[in-house]
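Structure record follows, encoded as structure tokens.
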Amino acid sequence: MEQWRLLDPGPLPAWQQMALDKVVIEARAQDVVPNTLRFMEFSPHTALVGYHQAVDLEINRDEAQLLGVDINRRITGGGAIYMDERQLGWELCVKFDEGKRVRPETLYPKLAQVVIESLRSWGITAKFRPVNDVEIDGRKISGTGGADYHGAVIYQGTLLLDFDVETMIRVLRLPIEKLTDKVMDSFQKRLVTMREILGYVPAISDVKRSVEEALMQVLDVNLTRSDLTEDERRKWEHLAPSYRQSKWIDLRKVPQFANYPLHTLTHKAPGGLIRCLIQTDQQIKHIKKAFITGDFFVYPERAVLDLEAALKDAPLQLTTLSAILQAHYQQGYNYMGVSVTDWLSALSPLCDQTEEGSL
């Protein structure tokens, strides 16, 4: 039976957690450590954006500062989330033999089964909801997602033991106009916690134990509690400070557009929200510059930057944009639940306006 290791460093600030993500997945990709389950607890509480998102589009910085909420960026995609001490984060860093590698669409439901079986041990029936959630009667209790990394996979998730909806709504820029009791009730109905189902908040140590047992059952492996290797710890100490710097936190920053019209386009694809800020040249009806964010997952991470470059100076014609997008996808980029048609749906209103001469 395959031997995996378990890392449980306890509560850490977000910048140390993000650096540890990088260190552990690098070590696994290089085959110097075994497949790894790592638990993640955040202290202080934190607002995290996905790798492809811009902080100022997703987080209210003033409210975060007022409430003492840290801000940071994940090395994986997905949407902005709020993490406090009442949630358990977990992470799998795995690498498979070449002959056993599978596509994310096949792998992720199996890895999400770890959460489902963990909840089952508490008498809670849950199921996987594509692309990346675990739900109970239509209400989300766990969000998951991951990324390829040089032949390895980092797959992360959260489990809601309890949840502070009010702070989340104040800190995250959600599509709501005002904070009313009705809004609070609406968000509470979309999420469910172990506290609500069980009637109490389970001890986080007990929840961790149930996740460990579920992983061993689902993946047929043995887990051994471990520490970082000396090399991992040395790299972590060296790398961690860079993850508290604005260069990382604001890696995707909304550019300053000037002299040309700016259009904000959004489209909800099955795999997440696409948000495009497009600057156009009215005279020649071309894209001058594109800035793309969203809560989708794509591998490798550079795909979004390459797509922005491909769209630069492109004519605002659907046939031309379709050809550019098809060529982009043929380079092997894997957008989870986001197709060429989804991108065209996002961009088509701009093209339609141009064709009608009303831009």
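The values are calculated or read from the model by the stated rules, or taken from the named source; none is laboratory data. Note that this is a predicted model, so its numbers are computed, not measured. Quick reminder, even Gly has a Cβ in these numbers, built from the backbone with ideal geometry, and neighbours come from all protein chains shown. SASA here: full protein model, heavy atoms, side chains in, ligands and nucleic acids out. Shrake-Rupley method; radii C 1.70, N 1.55, O 1.52, S 1.80 Å.
At 1.4 Å probe size, put Lys208, Lys289, Lys110, Lys268 in order of accessible surface, largest to smallest. Display every interim value, and only then the final one.
Values: Lys208 20, Lys289 80, Lys110 100, Lys268 135 Å².
Accessible-area ranking of Lys208, Lys289, Lys110, Lys268, largest first: Lys268, Lys110, Lys289, Lys208.
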Work from the charge dipole of the range 78-167 (Cβ charges, +1 for Lys and Arg, -1 for Asp and Glu, about the Cα centre) and give the residue of Gly138, Gln113, Gln87 farthest towards its positive end. Gln113
At q = 0.14, 0.17, 0.19, 0.30 Å⁻¹, what log₁₀ I(q)/I(0) does the range 125-167 have when each alpha carbon counts as one equal point scatterer in the Debye sum? -0.41, -0.57, -0.66, -1.04
³J(HN,Hα) computed for each position of the range 130-139 - Karplus, 6.51 cos²θ - 1.76 cosθ + 1.60, integer Hz, glycine/proline x: x, 8, 8, 10, 10, 10, 10, 6, x, 10
All other residues with a Cβ under 9 Å from the Cβ of Thr46 taken together, and with Lys, Arg as +1 and Asp, Glu as -1, what is their net charge? -2
Apply the Karplus curve 6.51 cos²θ - 1.76 cosθ + 1.60, θ = phi - 60°, to the phi angles in the range 151-162 and return the couplings in whole Hz, x for Gly and Pro. x, 9, 10, 10, 10, 10, x, 10, 9, 7, 6, 8
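I need the peptides 60-72, 113-125 ranked by packing, meaning the mean over residues of other C-beta atoms within 10 angstrom, with the highest value on top. Please list the in-between numbers first.
Working: 60-72: 16.5, 113-125: 18.5.
Ranked by mean Cβ neighbours within 10 Å, highest first: 113-125, 60-72.
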Using the Kirkwood formula over every pair of different C-alpha atoms, what hydrodynamic radius in Å results for the chain? 21.6
I'd like to know how the range 6-86 sits against the 2.2 N^0.38 Å rule of thumb: what's its Cα Rg over that expected value? 1.17
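Work out how much length Leu318 to Thr341 would gain on full extension: take 0.36 nm times their residue separation and subtract the Cα-Cα distance, in nm to one decimal. Can you show the working numbers first?
Details: separation 23, 0.36 × 23 = 8.28 nm, distance 1.05 nm.
Once the chain is fully extended between Leu318 and Thr341, it gains 7.2 nm.
Grab the alpha carbons of the range 1-146, take their convex hull, and tell me the volume per residue in Å³. The partial results should precede the final answer.
Values: hull volume 19.8 nm³, N = 146.
Cα-based convex hull of the range 1-146, divided per residue, equals 136 Å³.
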FRET efficiency, 1/(1 + (r/R0)^6) with R0 56 Å, evaluated for Trp248 and Lys189 via beta carbons: 0.95
Starting from the amide H of His52, placed 1.01 Å from N in the peptide plane, find each other amide H under 5 Å away whose residue is 5 or more places distant or on another chain. Gly78
Given the candidates Val218, Val304, Thr319, the one whose Cα lies deepest towards the positive end of the charge dipole of the chain, counting +1 at each Lys or Arg C-beta and -1 at each Asp or Glu C-beta, is Thr319
Area of Asp342 that stays accessible when all protein chains are in place (1.4 Å probe, Å², to 10): 20
Under the 7 Å Cα-to-Cβ spin-label approximation, Arg209 and Ser226 lie apart by a distance in nanometres of 2.3
Rounded to the nearest 10, the angle in degrees between the Cα long axis of helix 340-355 and the longest principal axis of the Cα atoms of the chain comes to 20
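Return the ratio Rg/(2.2 N^0.38 Å) for the range 242-359, where Rg is computed over Cα atoms only. Walk me through the numbers on the way to the answer.
Numbers: Rg = 14.5 Å, N = 118, 2.2 N^0.38 = 13.5 Å.
The range 242-359 yields a ratio of 1.07.
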Correct semi-axes for the range 163-303, from √(5λ) of the alpha-carbon gyration tensor and rounded to whole Å with the largest first, are 39, 27, 17
From the C-alpha gyration tensor of the range 223-274, square roots of 5λ in Å: 39, 20, 5
Projecting each Cα onto the charge dipole of the range 1-84 (Lys/Arg +1, Asp/Glu -1 at the beta carbon, about the Cα centre), which of Leu66, Leu12, Pro44 comes out farthest on the positive side? Leu12
